[in-house]
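Colleague: First the structure, which I've put down as structure tokens, then a few questions once you've had a look.
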């Protein structure tokens, strides 16, 4: 009888050991990936280290799907990959953001210089334009100035991605207003 009890306890202990050791989602790795993602978001990696951030996000989603399928070893590997990608993105984001900031500031300065230099030519083109074209040019000029203001506002707020998009749009409008070169 004692032998049966000892064997039963040993069997239950072995079963519990197997379940604890191998069973269940990789909670610790899930938590690490979640924390790494939060740090990446705080560093604005989703904007400035987008490829690495998206790779981490993809690995994390794949890990979640594997957990649903009870494929915990594969899920653990995906969460570890997510953590690695998010950590790399968080590390790379500040330098990428500073580089984009410098690029945007240069684009804004270049736009303002080009605007000033080309303003006489634009006015000359407007003077020679038909009435309908003048209204269109006037609207384009107003829109380009508004985009420049938007770019400056976004840059001041630290959203260099939006600032870059706005200044690029203003530049396209400016080029359309310039007289064709012969």
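The values are calculated or read from the model by the stated rules, or taken from the named source; none is laboratory data. What you see is a predicted model; the values in this text were computed from it and never measured. Note that we place each Cβ from the backbone using ideal geometry, even for glycine, and neighbour counts take in every protein chain shown.
Colleague: Quick one: which of 91, 106 is in a helix (DSSP H, G or I), under 14 Å from the mean Cα position of the chain (by Cα) and either surrounded by fewer than 16 Cβ atoms within 10 Å (Cβ to Cβ) or at pLDDT below 95 (or both)?
Modeller: Of 91, 106, the one residue that is in a helix (DSSP H, G or I), under 14 Å from the mean Cα position of the chain (by Cα) and either surrounded by fewer than 16 Cβ atoms within 10 Å (Cβ to Cβ) or at pLDDT below 95 (or both) is 91.
Condition check ((1) modelled with pLDDT of 90 or more; (2) closer than 22 Å to residue 117 by Cβ; (3) out of contact with any helix residue (DSSP H, G or I) (no Cβ under 8 Å at 6 or more places or on another chain)) across all residues:
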| residue | (1), (2), (3) |
| --- | --- |
| 135 | no, no, yes |
| 140 | no, yes, no |
| 144 | no, yes, no |
| 156 | yes, no, yes |
| 166 | yes, yes, no |
| 171 | no, yes, no |
| 175 | no, yes, yes |
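Colleague: For the range 57-73, give me each residue that is assigned to a helix (DSSP H, G or I) and surrounded by fewer than 15 Cβ atoms within 10 Å (Cβ to Cβ).
Modeller: Selection gives 58, 61, 65, 68, 73.
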